[in-house]
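Heads up, the thing below is written out as structure tokens.
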Amino acid sequence: MRRAVSFILMIMLLAACAPANIPPGATGSVGRPSNGVLVDGVQLQPSDELIVLDPDHAWGDKTLVDLLHMAALEMRKTYPDTVPLVVGDLSARDGGPLPPHQSHQSGRDADVAMYPLDNELHRPFLRADEDNLDVEKTWYLIETLLHTGLVKYILLDWNVQKIIYDEVQITVPQQTLDEVFQYPRPRGTRKGIIRHAAGHANHMHVRIHCPDEDIGCVEE
Ligand SMILES: [Zn+2]
């Protein structure tokens with residue numbers, strides 16, 4: 001009896017430690033971005049218009065990978081002389097913990113560079129400020145991503161949000177600004193698709209919604 005109890009306890013412990021219970025037939029993003037895995041993920045491939053900083057950490061849900069390719073193509077189409085879109089970490093091949101990130105576990109997160117005014121490639125990411133950020137191109141990238149309806153959050157430092165907001169508010173309707181930006185509300189306000197997170201002054205962290213076909217995916 002005691003052995004049976006300890007066996008059951010062991011199973012429960014293992015289940016608690018597992019990043020996610022993978023439902024039968026689940027593919028793509030499984031579990032939460034901060035406690036999940038990636039099943040049959042797709043590796044983001046570099047191209048003329050897209051640079052991948054670390055191929056081992058460039059695995060994602062197909063929806064996310066397709067989104068990044070589409071955005072990179074759209075940027076090149078609109079700005080033919082632009083530097084490629086620079087993409088940092090997505091997830092590991094099978095997902096799971098990817099230090100130093102807390103999320104990036106289930107193939108729904110991607111770190112993406114903003115565009116610099118000097119139109120040069122910066123590796124690692126360049127810390128954005130008023131003097132080096134190409135607001136027009138960066139805003140066009142954000143619009144391109146958001147128009148798909150696939151993006152749940154973009155994590156971006158509050159001060160960088162301000163730089164973009166102050167410049168685009170001349171042309172963008174107030175209702176759109178309110179929906180898209182957390183700024184000028186205080187950091188920590190749970191409003192806006194673009195939200196402040198520490199450590200996000202040199203890149204944007206893009207998270208997509210759970211794709212419909214990913215039956216094991218959990219929104220967070
Ligand atoms: Zn990130």
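Brief remarks follow.
- Here is the figure for region 202-220: residues that are at pLDDT 95 or above and part of a loop (DSSP other than H, G, I, E, B) total 12.
- Residue list for region 106-115, filter: under 17 Å from Lys62 (Cβ atoms) and of a type outside the set (A, V, I, L, M): Ser106, Gly107, Arg108, Asp109
- Filter result for Glu167 (of a type in the set (D, E, K, R), over 16 Å from the mean Cα position of the chain (by Cα), under 19 Å from Glu136 (Cα atoms) and away from the ligand (no atom under 16 Å from the Cβ)): yes
- Here Ile193 meets the list (1) buried (at least 21 other Cβ atoms within 10 Å of the Cβ); (2) within 16 Å of the ligand (Cβ to nearest atom) almost entirely, failing just condition (1).
- Subset of region 134-169 [of a type in the set (A, V, I, L, M), free of Cβ contacts under 8 Å to residues at least 40 places away in the same chain and touching a helix residue (DSSP H, G or I) at 6+ places or on another chain (Cβ under 6 Å)]: Val135, Ile164, Val168
- Hey, Asp111 of a type in the set (D, E, K, R), farther than 23 Å from Ile215 by Cα and surrounded by fewer than 19 Cβ atoms within 10 Å (Cβ to Cβ) or not: no
- Close Cβ contacts (under 8 Å, 6 or more residues apart or on different chains) running from residues in region 122-133 that are over 17 Å from Ala198 (Cα atoms) to residues that are among the acidic types (Asp, Glu) comprise Asn132/Asp118.
- Summed over region 166-190, the residues that are among the charged types (D, E, K, R) and surrounded by 14 or more Cβ atoms within 10 Å (Cβ to Cβ) give a count of 3.
- Residues in region 178-201 that are touching a residue at least 40 places away in the same chain (Cβ under 8 Å) and either polar (S, T, N, Q) or outside any loop (DSSP other than H, G, I, E, B) (or both): Ile194, Arg195.
- Filter result for Arg185 (touching a Gly at 6+ places or on another chain (Cβ under 8 Å) and of a type in the set (Lys, Arg)): yes
- Criterion: among the β-branched types (Val, Ile, Thr), touching a Gly at 6+ places or on another chain (Cβ under 8 Å) and more than 30 Å from Asp40 (Cβ to Cβ) - qualifying residue of Val135, Val172, Val160, Val180: Val180
The values are calculated or read from the model by the stated rules, or taken from the named source; none is laboratory data. Keep in mind that what you see is a predicted model, and the values were worked out from it rather than measured. No Cβ is skipped: glycine too gets one built from the backbone with ideal geometry, and neighbour counts run over all protein chains shown.
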